[in-house]
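Visitor: Here it is, the structure, as structure tokens.
Each reported figure results from applying straightforward, stated rules to the coordinates on display, with no laboratory input. Since we're looking at a predicted model, the values are computed, not measured. Here the Cβ is made from the backbone with ideal geometry for all residues, glycine too, and neighbour counts use every protein chain on show.
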Amino acid sequence: MATGEVAQRPQVDPSDLAVGEVITNSGRLSVARMYEPHAPSLPFTPSQLASLDEALTLSSRETGLDFSVYLGELAGDTRATAEAMHASVGARAPHAVLIAVSPGQRVVEVVTGEESRRRISDRGAKLAVMSMVASFKEGDIAGGLVGGLRMLTDQAGSAPRV
């Protein structure tokens, strides 16, 4: 049977409260906690990054061409954006190969310079893109990039002897 009385909250000794805890005037316990943001999820694990780095290094060393990979949004005209990135290499642009991948836009662009274009045919680049896309569809971006680099390296062949 209800008697109409309000139950009293137990008294809490302020010295028993943890850092960030306080009893409000209404008797409610208010707790402040430090916000700890989650670490951003990265597209690659350390192992995948190591494999990608090794593939880039070996491709460049074997062919004498400068291979690079861009992963991210390609603004506006994706081809023009990729070509501008490739041109930003400067004096080495004729010997450069850029693989630009924008997963959100579902776009893969392979941009070659004058010298690298002589050694990597359009057909070879298209085959490498098809191979990469097949891996990307399976959720394996790093594996697709490594496989694509290997295919482009095979197409380009060994660095010319001087």
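Visitor: Counting helices only, and only those DSSP H runs with n ≥ 4, report the 222 nm mean residue ellipticity of the chain as the sum of -39,500 (n - 2.57) divided by its residues, in deg cm²/dmol to the nearest 500.
Guide: That comes out to -13000 deg cm²/dmol.
Visitor: Quick check: residue separation of residue 88 and residue 75 times 0.36 nm, minus the Cα distance between them. What number comes out in nm? The partial results should precede the final answer.
Guide: Working: separation 13, 0.36 × 13 = 4.68 nm, distance 1.57 nm.
Extending this stretch completely gives an extra 3.1 nm.
Visitor: Can you pull a Stokes-Einstein diffusion coefficient for segment 9-99 at 4 °C (1.567 mPa s), Rh from Kirkwood over Cα pairs, as a whole number of µm²/s?
Guide: Working: Rh = 18.7 Å.
Roughly 69 µm²/s, to the nearest whole number.
Visitor: May I pose another question? How big, in percent, is the set of alpha carbon pairs in the chain lying more than 21 Å apart? Present the calculation step by step, with values, prior to reporting the outcome.
Guide: Working: 7625 of 13041 pairs.
Taking all Cα-Cα pairs of the chain, the fraction more than 21 Å apart is 58 percent.
Visitor: Based on Cβ point charges of +1 for Lys and Arg and -1 for Asp and Glu, what charge dipole magnitude is obtained for the chain about its Cα centre, in debye rounded to the nearest 20?
Guide: Numbers: 15 positive and 19 negative charges, 134 e Å.
Charge dipole of the chain: 640 debye, to the nearest 20.
Visitor: So how far apart, in nm, are the two label points at residue 138 and residue 150 if each is 7 Å from Cα heading toward Cβ?
Guide: A separation of 1.1 nm, rounded to one decimal place.
Visitor: If you don't mind, another one. Find the relative contact order for segment 33-129 and round it to a whole percent, using C-alpha pairs within less than 8 Å whose residues are 6+ positions apart.
Guide: Details: 105 pairs, mean separation 21.1, N = 97.
Computed value for segment 33-129: 22 percent relative contact order.
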